[in-house]
1. Using the Karplus curve 6.51 cos²θ - 1.76 cosθ + 1.60 with θ = phi - 60°, work out ³J(HN,Hα) for each residue of the stretch 16-31 in order, rounded to whole Hz, and write x for Gly and Pro.
2. Return one number: the angle in degrees, 0 to 90 and rounded to the nearest 10, between the long axis of the Cα atoms of helix 50-74 and the longest principal axis of the Cα atoms of the chain.
3. By how many degrees, between 0 and 90 and to the nearest 10, does the Cα long axis of helix 128-145 differ from the longest principal axis of the chain?
4. Run the quick spin-label model on Glu130 and Glu67: label points 7 Å from Cα toward the beta carbon, then report their separation in nm to one decimal.
5. How would the stretch 169-269 be classified by its alpha-carbon gyration tensor: rounded, prolate or oblate, with rounded meaning a/c under 1.5 and the a/b versus b/c comparison settling the rest?
6. Residues of the chain: accessible area per residue at 1.4 Å, in Å²?
7. Expressed as a whole percentage, what fraction of the accessible surface of the stretch 169-269 belongs to carbon and sulfur atoms when a 1.4 Å probe is rolled over the protein heavy atoms?
8. Using a Gaussian network model on the chain with a 10 Å cutoff between Cα atoms, which of Ala73, Ala226, Ala148 fluctuates the most?
Amino acid sequence: MALNALGRHVVLVGFMGSGKTSLGRQLGDRLDRSFLDLDAAIEERAGKSIPELFAERGEDEFRRIEEHAVRVALAAPDPSVIALGGGAVTSEETRRRIADHFVVLCEVDVDLAWRRALGTDRPLARDEQEFQRLYEARGPLYRQVADAVANDPDAAALAAAGITWERGGLDRLGELVPGDGPTALVADANVMGIYGARAQEALGPRLQTTHELPAGEGAKETGVVARLWSELRLDRAGTVVALGGGCTTDVGGFAAATYLRGVPWVAVPTTLVG
Ligand code: S3P
(Lines give C-alpha, C1' and ligand atoms only; values in the text may rest on other atoms or scores of the structure.)
Protein backbone atom coordinates (compact mmCIF):
# COMPACT_ATOMS: atom_id res chain seq x y z
CA MET A 1 0.00 0.00 0.00
CA ALA A 2 1.28 3.47 -0.86
CA LEU A 3 0.14 6.89 0.37
CA ASN A 4 1.06 8.70 -2.83
CA ALA A 5 2.83 8.23 -6.14
CA LEU A 6 6.01 10.15 -5.32
CA GLY A 7 8.90 8.15 -6.75
CA ARG A 8 6.58 5.29 -7.70
CA HIS A 9 4.75 4.24 -10.81
CA VAL A 10 1.04 4.93 -10.97
CA VAL A 11 -0.60 1.63 -11.93
CA LEU A 12 -4.15 1.75 -13.26
CA VAL A 13 -6.29 -1.32 -12.73
CA GLY A 14 -9.91 -2.02 -13.50
CA PHE A 15 -12.25 -4.17 -15.53
CA MET A 16 -12.41 -4.19 -19.33
CA GLY A 17 -14.10 -1.03 -20.57
CA SER A 18 -13.41 1.00 -17.42
CA GLY A 19 -11.42 3.60 -19.39
CA LYS A 20 -7.93 2.82 -18.05
CA THR A 21 -6.17 3.70 -21.28
CA SER A 22 -7.70 7.13 -21.81
CA LEU A 23 -7.41 7.96 -18.10
CA GLY A 24 -3.79 6.83 -18.14
CA ARG A 25 -2.94 9.00 -21.13
CA GLN A 26 -4.52 12.09 -19.55
CA LEU A 27 -2.96 11.38 -16.17
CA GLY A 28 0.47 11.00 -17.79
CA ASP A 29 0.04 14.49 -19.29
CA ARG A 30 -1.04 15.97 -15.95
CA LEU A 31 1.85 14.42 -14.02
CA ASP A 32 4.34 14.96 -16.84
CA ARG A 33 5.09 11.24 -16.90
CA SER A 34 5.27 8.82 -19.77
CA PHE A 35 2.27 6.54 -20.21
CA LEU A 36 2.46 2.84 -21.00
CA ASP A 37 -0.52 0.76 -22.05
CA LEU A 38 0.49 -2.76 -21.11
CA ASP A 39 -1.67 -4.48 -23.75
CA ALA A 40 -0.13 -2.29 -26.45
CA ALA A 41 3.36 -3.10 -25.14
CA ILE A 42 2.56 -6.84 -25.23
CA GLU A 43 1.24 -6.59 -28.78
CA GLU A 44 4.27 -4.67 -29.93
CA ARG A 45 6.74 -7.10 -28.39
CA ALA A 46 4.89 -10.16 -29.71
CA GLY A 47 4.18 -8.66 -33.13
CA LYS A 48 0.62 -10.00 -32.69
CA SER A 49 -2.69 -8.67 -31.45
CA ILE A 50 -4.12 -9.76 -28.08
CA PRO A 51 -6.89 -11.83 -29.79
CA GLU A 52 -4.22 -13.58 -31.88
CA LEU A 53 -2.16 -14.34 -28.77
CA PHE A 54 -5.23 -15.76 -27.02
CA ALA A 55 -6.13 -17.86 -30.07
CA GLU A 56 -2.64 -19.18 -30.77
CA ARG A 57 -1.21 -19.61 -27.26
CA GLY A 58 -4.26 -19.75 -24.97
CA GLU A 59 -5.11 -17.69 -21.91
CA ASP A 60 -2.59 -19.33 -19.55
CA GLU A 61 0.31 -18.48 -21.83
CA PHE A 62 -1.08 -14.96 -22.31
CA ARG A 63 -1.06 -14.51 -18.51
CA ARG A 64 2.61 -15.53 -18.36
CA ILE A 65 3.44 -13.03 -21.11
CA GLU A 66 1.42 -10.41 -19.25
CA GLU A 67 3.22 -11.11 -15.94
CA HIS A 68 6.54 -10.70 -17.70
CA ALA A 69 5.42 -7.43 -19.28
CA VAL A 70 4.38 -6.11 -15.84
CA ARG A 71 7.80 -7.03 -14.45
CA VAL A 72 9.56 -5.19 -17.26
CA ALA A 73 7.30 -2.12 -17.02
CA LEU A 74 7.70 -1.80 -13.26
CA ALA A 75 11.48 -2.09 -13.55
CA ALA A 76 11.67 1.16 -15.57
CA PRO A 77 13.58 3.65 -13.40
CA ASP A 78 11.52 6.77 -14.22
CA PRO A 79 8.14 6.83 -12.48
CA SER A 80 5.47 6.50 -15.16
CA VAL A 81 1.77 5.78 -15.53
CA ILE A 82 0.97 2.19 -16.52
CA ALA A 83 -2.47 0.85 -17.48
CA LEU A 84 -2.78 -2.90 -16.92
CA GLY A 85 -5.13 -5.17 -18.83
CA GLY A 86 -8.30 -6.01 -16.92
CA GLY A 87 -7.16 -9.52 -16.00
CA ALA A 88 -3.60 -8.72 -14.92
CA VAL A 89 -4.55 -8.61 -11.23
CA THR A 90 -5.53 -12.29 -11.33
CA SER A 91 -1.80 -13.03 -11.07
CA GLU A 92 -0.61 -13.20 -7.49
CA GLU A 93 2.88 -12.22 -8.58
CA THR A 94 1.54 -9.10 -10.28
CA ARG A 95 -0.53 -8.17 -7.24
CA ARG A 96 2.57 -8.47 -5.07
CA ARG A 97 4.69 -6.38 -7.45
CA ILE A 98 2.23 -3.55 -7.89
CA ALA A 99 1.83 -3.26 -4.10
CA ASP A 100 5.11 -1.29 -4.09
CA HIS A 101 3.55 1.31 -6.40
CA PHE A 102 0.53 3.60 -6.33
CA VAL A 103 -2.46 1.68 -7.63
CA VAL A 104 -5.54 3.52 -8.88
CA LEU A 105 -8.76 1.61 -9.51
CA CYS A 106 -10.83 2.80 -12.44
CA GLU A 107 -14.41 1.74 -11.72
CA VAL A 108 -17.17 0.93 -14.15
CA ASP A 109 -20.56 -0.74 -13.77
CA VAL A 110 -20.97 -4.01 -15.55
CA ASP A 111 -23.64 -2.85 -18.04
CA LEU A 112 -21.58 0.08 -19.25
CA ALA A 113 -18.49 -2.13 -19.43
CA TRP A 114 -20.41 -4.64 -21.58
CA ARG A 115 -21.73 -1.90 -23.89
CA ARG A 116 -18.21 -0.55 -24.33
CA ALA A 117 -16.73 -4.00 -24.89
CA LEU A 118 -19.39 -5.02 -27.43
CA GLY A 119 -18.09 -4.84 -30.96
CA THR A 120 -14.45 -4.86 -29.84
CA ASP A 121 -12.27 -7.90 -30.39
CA ARG A 122 -11.58 -8.56 -26.69
CA PRO A 123 -11.35 -12.36 -26.36
CA LEU A 124 -13.03 -12.38 -22.93
CA ALA A 125 -15.94 -10.20 -23.97
CA ARG A 126 -17.76 -12.60 -26.28
CA ASP A 127 -20.39 -13.93 -23.93
CA GLU A 128 -22.33 -11.61 -21.63
CA GLN A 129 -22.82 -14.14 -18.84
CA GLU A 130 -19.16 -15.06 -18.77
CA PHE A 131 -18.31 -11.35 -18.83
CA GLN A 132 -20.55 -10.76 -15.80
CA ARG A 133 -19.03 -13.72 -13.98
CA LEU A 134 -15.51 -12.33 -14.51
CA TYR A 135 -16.70 -8.91 -13.33
CA GLU A 136 -18.01 -10.36 -10.06
CA ALA A 137 -14.97 -12.57 -9.49
CA ARG A 138 -12.44 -9.79 -10.04
CA GLY A 139 -14.13 -7.04 -8.02
CA PRO A 140 -12.51 -8.09 -4.72
CA LEU A 141 -9.07 -8.33 -6.36
CA TYR A 142 -9.27 -4.76 -7.69
CA ARG A 143 -10.34 -3.44 -4.31
CA GLN A 144 -7.62 -5.42 -2.55
CA VAL A 145 -4.81 -3.82 -4.59
CA ALA A 146 -6.18 -0.26 -4.93
CA ASP A 147 -4.68 2.67 -3.03
CA ALA A 148 -7.30 5.00 -4.53
CA VAL A 149 -10.37 4.94 -6.73
CA ALA A 150 -10.61 7.54 -9.51
CA ASN A 151 -12.30 7.77 -12.86
CA ASP A 152 -11.21 11.19 -14.04
CA PRO A 153 -7.75 12.71 -14.39
CA ASP A 154 -8.30 15.43 -11.75
CA ALA A 155 -9.30 12.92 -9.11
CA ALA A 156 -6.49 10.56 -10.12
CA ALA A 157 -3.88 13.36 -10.02
CA LEU A 158 -5.02 14.47 -6.56
CA ALA A 159 -4.97 10.88 -5.32
CA ALA A 160 -1.48 10.39 -6.77
CA ALA A 161 -0.34 13.44 -4.77
CA GLY A 162 -1.73 11.77 -1.64
CA ILE A 163 -4.67 14.16 -1.35
CA THR A 164 -7.97 12.57 -0.43
CA TRP A 165 -11.18 14.50 -0.10
CA GLU A 166 -14.83 14.11 0.57
CA ARG A 167 -17.68 16.44 -0.33
CA GLY A 168 -20.06 17.52 2.42
CA GLY A 169 -17.86 16.32 5.26
CA LEU A 170 -18.26 19.39 7.51
CA ASP A 171 -20.71 17.78 9.90
CA ARG A 172 -18.62 14.63 10.17
CA LEU A 173 -15.27 16.34 10.82
CA GLY A 174 -14.84 14.60 14.17
CA GLU A 175 -14.69 11.20 12.50
CA LEU A 176 -13.10 12.34 9.19
CA VAL A 177 -10.03 14.01 10.68
CA PRO A 178 -7.59 11.07 10.88
CA GLY A 179 -6.63 9.73 14.29
CA ASP A 180 -8.34 10.47 17.57
CA GLY A 181 -6.05 13.22 18.89
CA PRO A 182 -6.91 16.86 19.62
CA THR A 183 -7.55 19.41 16.87
CA ALA A 184 -7.02 23.13 16.43
CA LEU A 185 -9.60 24.82 14.22
CA VAL A 186 -8.33 27.68 12.04
CA ALA A 187 -10.66 29.89 9.98
CA ASP A 188 -10.98 33.55 9.03
CA ALA A 189 -13.56 35.79 10.67
CA ASN A 190 -16.05 35.48 7.80
CA VAL A 191 -15.92 31.72 7.49
CA MET A 192 -15.92 31.32 11.26
CA GLY A 193 -19.18 33.24 11.31
CA ILE A 194 -20.76 31.02 8.67
CA TYR A 195 -19.41 27.53 9.41
CA GLY A 196 -17.50 27.89 12.70
CA ALA A 197 -20.25 26.64 14.99
CA ARG A 198 -20.97 23.60 12.83
CA ALA A 199 -17.28 22.75 12.60
CA GLN A 200 -16.82 23.13 16.36
CA GLU A 201 -19.81 20.96 17.08
CA ALA A 202 -18.65 18.31 14.60
CA LEU A 203 -15.15 18.21 16.13
CA GLY A 204 -16.80 17.78 19.53
CA PRO A 205 -14.45 16.65 22.30
CA ARG A 206 -11.54 16.60 19.84
CA LEU A 207 -11.60 20.40 19.54
CA GLN A 208 -8.83 21.88 21.67
CA THR A 209 -8.51 25.49 20.45
CA THR A 210 -10.08 27.79 17.84
CA HIS A 211 -8.06 30.44 15.96
CA GLU A 212 -9.42 33.27 13.89
CA LEU A 213 -7.35 34.70 11.04
CA PRO A 214 -7.76 38.02 9.26
CA ALA A 215 -9.90 37.57 6.11
CA GLY A 216 -8.16 37.55 2.72
CA GLU A 217 -4.55 38.00 1.67
CA GLY A 218 -3.76 39.82 4.93
CA ALA A 219 -3.63 36.41 6.61
CA LYS A 220 -0.47 35.52 4.73
CA GLU A 221 1.88 37.40 7.04
CA THR A 222 4.61 36.01 9.24
CA GLY A 223 3.04 37.88 12.18
CA VAL A 224 -0.17 35.87 11.74
CA VAL A 225 1.77 32.61 11.56
CA ALA A 226 3.82 33.57 14.63
CA ARG A 227 0.60 34.21 16.56
CA LEU A 228 -0.67 30.75 15.54
CA TRP A 229 2.59 29.13 16.68
CA SER A 230 2.25 30.72 20.09
CA GLU A 231 -1.48 29.98 20.45
CA LEU A 232 -1.42 26.33 19.37
CA ARG A 233 -1.49 23.86 22.27
CA LEU A 234 -1.28 20.68 20.21
CA ASP A 235 1.25 17.96 20.82
CA ARG A 236 2.41 15.83 17.95
CA ALA A 237 -0.71 13.66 18.11
CA GLY A 238 -2.76 16.74 17.24
CA THR A 239 -4.08 18.00 13.91
CA VAL A 240 -4.63 21.49 12.53
CA VAL A 241 -7.98 21.82 10.75
CA ALA A 242 -7.92 24.72 8.27
CA LEU A 243 -11.46 25.69 7.31
CA GLY A 244 -11.86 28.22 4.53
CA GLY A 245 -10.47 29.49 1.24
CA GLY A 246 -6.95 29.48 -0.17
CA CYS A 247 -5.47 32.00 2.28
CA THR A 248 -6.64 30.01 5.29
CA THR A 249 -5.51 26.67 3.91
CA ASP A 250 -2.12 28.22 2.95
CA VAL A 251 -1.57 29.72 6.39
CA GLY A 252 -3.04 26.80 8.34
CA GLY A 253 -1.00 24.30 6.34
CA PHE A 254 2.18 26.36 6.66
CA ALA A 255 1.75 26.82 10.39
CA ALA A 256 1.12 23.09 10.88
CA ALA A 257 4.13 22.15 8.76
CA THR A 258 6.42 24.39 10.84
CA TYR A 259 5.00 23.71 14.34
CA LEU A 260 6.81 21.10 16.46
CA ARG A 261 8.74 20.08 13.32
CA GLY A 262 5.42 19.51 11.61
CA VAL A 263 2.04 18.22 12.75
CA PRO A 264 -0.65 16.78 10.46
CA TRP A 265 -3.24 19.13 9.03
CA VAL A 266 -6.51 18.78 7.18
CA ALA A 267 -7.91 21.26 4.65
CA VAL A 268 -11.65 21.82 4.79
CA PRO A 269 -11.94 24.03 1.73
CA THR A 270 -14.93 26.29 1.30
CA THR A 271 -13.76 27.53 -2.12
CA LEU A 272 -12.25 25.95 -5.22
CA VAL A 273 -8.95 27.72 -4.57
CA GLY A 274 -8.96 26.45 -0.99
C1 S3P B 1 -8.40 -8.84 -20.44
C2 S3P B 1 -8.49 -7.49 -20.65
C3 S3P B 1 -7.90 -6.84 -21.81
C4 S3P B 1 -6.73 -7.65 -22.36
C5 S3P B 1 -7.13 -9.05 -22.60
C6 S3P B 1 -7.62 -9.74 -21.33
C7 S3P B 1 -9.04 -9.43 -19.25
O8 S3P B 1 -7.46 -5.53 -21.44
O9 S3P B 1 -5.63 -7.63 -21.50
O10 S3P B 1 -8.14 -9.02 -23.55
O11 S3P B 1 -8.73 -10.57 -18.88
O12 S3P B 1 -9.88 -8.72 -18.63
P13 S3P B 1 -8.47 -4.28 -21.18
O14 S3P B 1 -8.87 -4.33 -19.74
O15 S3P B 1 -7.66 -3.08 -21.47
O16 S3P B 1 -9.63 -4.44 -22.08
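The values are calculated or read from the model by the stated rules, or taken from the named source; none is laboratory data. Predicted model only: the values in this text are computed from it and were never measured. Ideal geometry is used to build each Cβ from the backbone, glycine not excepted, and the neighbour counts take in all protein chains shown. The area values use the complete protein model at the heavy-atom level, side chains included, leaving out ligands, DNA and RNA. Shrake-Rupley method; radii C 1.70, N 1.55, O 1.52, S 1.80 Å.
1. Karplus-based 3J(HN,Hα) across the stretch 16-31 equals 3, x, 7, x, 4, 5, 6, 4, x, 4, 5, 5, x, 4, 4, 8 Hz.
2. 40 degrees
3. For 128-145 against the chain, the angle is about 40 degrees.
4. According to this spin-label approximation, the distance is 2.2 nm.
5. Values: a/c = 1.79, a/b = 1.13, b/c = 1.59.
Oblate shape, in that a/c is at least 1.5 and b/c is the bigger or equal ratio.
6. On the way: 14180 Å² over 274 residues.
Heavy-atom SASA per residue in the chain reads 52 Å².
7. Working: 2600 of 4810 Å².
The computed percentage sits at 54.
8. It is Ala226.
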